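S.K.: If you scroll down you'll find the structure; I have some questions about it.
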Amino acid sequence: MQKSYVRTDLAAEASARLETPVEGVESEELRLHGCRVSKVVINSPAGAEAIGKPEGKYLTIEMEEYVNRRALSFADCANAISELLRSFDAVSRAKNFMIACLGNRAVTPDAVGPATADSIIVTRHLKSSMPEQFAGFSSVAVFRSGVLGTTGVESAQAVRSICSLVRPDCVIAVDALASGEVGRLCRNIQICDTGIAPGSGVGNDRAAINSEYLGCPVLAVGLPTVVDASSLTGDDSAKGLFVTPRNIDELVKSLSKLMAYGINLAVHDGLTIEDVDMLIE
């Protein structure tokens, strides 16, 4: 079982905290484009209970070297994200995508979704109006859901309503996450096939955005931007206080663009980094 409860959205972190192996939890380390990748597969109810996450596959790419400007390049990380996304059948087989970008642009640690949306190549309308010119592209729509406090509408309800119009083969949900370790803040990106519950990382659980709710495959791409202060101090009175890097604005801007490029490369066959540069600038 886990050593102690620490609020985290990262399956790799929760798995590393297990004191003994748990049946139904498989983990391994991979290397992809020079990036270290942690793979956790939860395939039993006992495993889900031990980790505190739904059954499914969780891939976590670690980018400390990129963030610290050491070895990894933007292209290394973007291509690694793309390949990890395409390792899921839901992405590799789909031709009609909706990218659901969750969060609140006015709150920097929660602005990952809206910032990612700014660099997504949107093609749904172009494939309808110019089918020959855009025949080589997938159909991609982007939806910025906002948050309940500013829209009055649950993000999950809003996403499901748009899905009924777009009818995507696959939804990719992008959001900010919470970690239990400072060293993972803005250093990891998690990709999973279990969907996402907006606000869960900060104890503000909303309706889950997953395949059961939307009726189509859902992948979640998340960046941890906050850590619960109580996990750093061991002081229960610090619960509800969240810590974020002092340069969070710079990190969210840079890493959201990186996530967007990875998504673009994954959903549109044959694109290169240079192609994406040209299409979004």
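S.K.: L241: in contact with a strand residue (DSSP E or B) (Cβ under 7 Å, 6 or more places away or on another chain) and open to solvent by 50 Å² or more (accessible area, probe 1.4 Å), yes or no? Can you show your working first?
M.R.: Values: in contact with a strand residue (DSSP E or B) (Cβ under 7 Å, 6 or more places away or on another chain): no; open to solvent by 50 Å² or more (accessible area, probe 1.4 Å): yes.
When the stated conditions are applied, L241 does not pass them.
S.K.: For the stretch 177-188, give me the residue count where each residue is of a type outside the set (G, A, S) and open to solvent by less than 40 Å² (accessible area, probe 1.4 Å). Working first, answer last.
M.R.: Kept after step one, since they are of a type outside the set (G, A, S), are these residues of the stretch 177-188: 177, 181-182, 184-188.
Checking which are open to solvent by less than 40 Å² (accessible area, probe 1.4 Å) leaves us with 177, 184-186, 188.
Counting residues in the stretch 177-188 that are of a type outside the set (G, A, S) and open to solvent by less than 40 Å² (accessible area, probe 1.4 Å) gives 5.
S.K.: Please determine, by comparing only the residues of the stretch 151-176 that are assigned to a loop (DSSP other than H, G, I, E, B) and charged (D, E, K, R), which one is most open to solvent (accessible area, probe 1.4 Å). Can you show your working first?
M.R.: So the first thing to find is which residues in the stretch 151-176 are assigned to a loop (DSSP other than H, G, I, E, B), and the list is 152-154, 167-169.
Adding the requirement that they be charged (D, E, K, R) leaves 154, 167, 169.
Details: E154: 38, R167: 173, D169: 71 Å².
The qualifying residue most open to solvent (accessible area, probe 1.4 Å) is R167.
S.K.: Out of everything in the stretch 56-94 that is out of contact with any strand residue (DSSP E or B) (no Cβ under 8 Å at 6 or more places or on another chain), farther than 20 Å from R184 by Cα and among the hydroxyl-bearing types (S, T, Y), what residue ends up being surrounded by the most Cβ atoms within 10 Å (Cβ to Cβ)?
M.R.: S82
Every residue, every condition in (1) in a loop (DSSP other than H, G, I, E, B); (2) under 19 Å from the mean Cα position of the chain (by Cα); (3) modelled with pLDDT of 95 or more; (4) more than 29 Å from D277 (Cβ to Cβ), yes or no:
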| position | (1), (2), (3), (4) |
| --- | --- |
| A14 | no, yes, no, yes |
| T60 | no, yes, yes, no |
| R69 | yes, no, no, no |
| L72 | yes, no, no, no |
| D76 | no, yes, no, no |
| S82 | no, yes, yes, no |
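S.K.: Related question: Kindly indicate the residue of the stretch 126-150 that is buried (at least 19 other Cβ atoms within 10 Å of the Cβ) and in a loop (DSSP other than H, G, I, E, B) and also farthest from the chain's Cα centre (by Cα) among those meeting that condition.
M.R.: By that ranking, first place goes to F137.
S.K.: Give, as residue ranges, the helices (runs of 4 or more DSSP H) completely inside the stretch 225-281 that count at least 3 residues that are modelled with pLDDT under 95 and closer than 26 Å to A178 by Cβ.
M.R.: Values: elements: 229-233, 248-267, 273-280.
In the stretch 225-281, the matching helices (runs of 4 or more DSSP H) lie at 229-233.
The values are calculated or read from the model by the stated rules, or taken from the named source; none is laboratory data. These figures come from a predicted structure and were not determined experimentally. Using ideal geometry, Cβ is built from the backbone for each residue, glycine included, and neighbour counts are taken over all protein chains shown. Side chains included, ligands, DNA and RNA excluded: accessible areas come from the protein's heavy atoms. Shrake-Rupley method; radii C 1.70, N 1.55, O 1.52, S 1.80 Å.
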